[in-house]
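Only one structure is covered here, and it is reproduced in the block below.
The numbers here are math on the coordinates, done by the rules we state, and not lab data. Bear in mind that the values here come from a model prediction, so they are computed numbers and not experimental data. Methodologically, a virtual Cβ is constructed for each residue, glycine included, from the backbone with ideal geometry; neighbour enumeration extends over all protein chains shown.
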Amino acid sequence: MDIKPIKNKFKELFSENPLLVRSPGRINLIGEHTDYNDGFVFPAAIDKEICFAVAKNNIGKFRFYAFNLNEGFELEVDKLAKTETLWANYLLGVAAQYKKAGYQIKGVDCVFGGDIPMGAGLSSSAAIENGFAFALKEIFGFEVSKMDMIKMAQKAEHEYVGVMCGIMDQFASMNGKENNAIKLDCRSLNFEYANIILSDYVIVLCDTKVKHELASSEYNARRKECEAGVKILQKHNREITALRDVDIELLQKYKIEFEPIVYKRCEYVVKENRRVEKAFASLQQNDMKTFGELMYLSHEGLRDEYEVSCSELDLLFTLARKSGYVIGARMMGGGFGGCTINLVKREKLEDFYETIKTGYLQTTGVETEMHIVKIASGTGFSNEY
Ligand code: GLA
């Protein structure tokens, strides 16, 4: 997106010559709710981003301006804590992590804004956290690595936003690479880039335009259910520390000890981890059909076993699958709203749009928004700089 309006606003409000930073949102091809189970994910950064203009100030204050909301915020650096202004907490949460690590922030001016739709499951929050972490590192010369920033951004989300998220979003936004998805092992944090050449297909996101209230409480509840499953299995093998260590045979062996709900959740995670590995392999063999099938299975698991889908996501999924224009589709991200991700035949894009738009409107009365996305590079300096 064009960073000029952000830069100009900064000049109008604060001073000359801010540092200009951009930080992207992410998609996830497959591997949902596996990151906090030490498993595998397959995300990529996208060409929708948050842009920042940032500079030090010498007045001991945080002075922020949210461009999309036309809203300002001020707080003395000494009073750093979670506030009532929800959007400011994403930035303050990052500053708090630097403070905890022993770095001193004297005062910061920041204008930020972007084109990542909010609440659509494209990790606008991770993009904000990463971008601000990167900007602070640069303007104050903090000696932190990319991995340190990713972890601080994740902690900011835990402590200042209250979602006990895994590491996928912050990792993908920071380490994104043009035309490449990232197969990440969320335990070792080793990762491999996979060149995504979709030739005949386009990645299209269909936005339900809903975000159900229960998204974050249910998210945290799923984490607990997974931990409950691990506790049972640990009694039999102390080396099991996460669902990552479990295969379906082992799970079945102890099924009787599980509450049915906990069992369903664990079964989903174990199967989804295998799907990520299969999907990665099929992409390398250019086997799009298998890749797409795995996406369908992922959605069904999220809907029936993990139960984080909702009627709007299921509708978009079903419409896409029935359309004959896609090779794979599924809900994406935490669930309870947000987007589906669809691999759509390039020459059928128009027909796809029409089918989904009409079908979704008829049942829900809501217009879906669709975005074609390209895979982009991660958090960094803006080209304008
Ligand atoms: C949210 C979280 C991620 C991940 C996904 C589900 O996006 O922030 O860490 O758990 O949900 O895969």
Calculated diffusion of the stretch 121-187, Stokes-Einstein form, Kirkwood radius summed over Cα pairs, 37 °C and 0.692 mPa s, µm²/s: 266
Quick calc, GLU138 & ALA281: beta-carbon distance into FRET formula, R0 30 Å, rounding 0.05, result 0.20
In whole angstrom, and with the biggest value first, how far do the Cα coordinates of the stretch 120-269 range along each principal axis? 55, 43, 34
Do you know the Lys pair count in the stretch 204-282 for C-alpha distances under 23 Å, with sequence separation 8 or more or different chains? 19
Express the Stokes-Einstein translational diffusion coefficient of the stretch 265-324 in µm² s⁻¹, to the nearest whole number, given a Kirkwood radius over alpha-carbon pairs, 4 °C and a viscosity of 1.567 mPa s. 106
Of LEU251, ALA221, THR208, farthest towards positive along the dipole that unit charges on Lys, Arg, Asp, Glu beta carbons give the stretch 205-258: ALA221
For a quick size check, give me the Cα extents of the chain along its three principal axes, largest first, whole Å. 62, 54, 39
Computed on alpha carbon atoms, what radius of gyration and Dmax characterise the stretch 207-252, expressed in Å? 14.7, 45
Which FRET efficiency value, to the nearest 0.05, is calculated for MET118 and ILE261 with the Förster distance at 30 angstrom and r the Cβ-Cβ distance? 0.45
Per the rule of 0.36 nm per residue minus the C-alpha distance, extending GLU354 to GLU213 adds in nm 47.8 nm
Quick check for me: using +1 on Lys/Arg Cβ and -1 on Asp/Glu Cβ, what's the dipole size of the chain about its Cα centre, in debye to the nearest 20? 580
So what does log10 I(q)/I(0) come out to for the stretch 201-373 at q = 0.11, 0.15, 0.19 Å⁻¹, using the Debye formula with one equal point on every Cα and no solvent? -0.52, -0.87, -1.17
Orientation-averaged projected area, Cα convex hull of the stretch 4-196 (nm²): 10.3
Compute the Cα gyration tensor for the stretch 183-263, then decide on rounded, prolate or oblate, letting a ≥ b ≥ c be the square roots of its eigenvalues: rounded whenever a/c is under 1.5, prolate when a/b is larger than b/c in the other cases, and oblate in all that remain. oblate
Looking at the stretch 40-150, I'd like the Rg to Rh ratio, where Rg is from alpha-carbon atoms and Rh is Kirkwood's inverse mean 1/r. 0.95
Distance between Cα centroids, the stretch 210-241 to the stretch 42-107: provide it in whole Å. 31
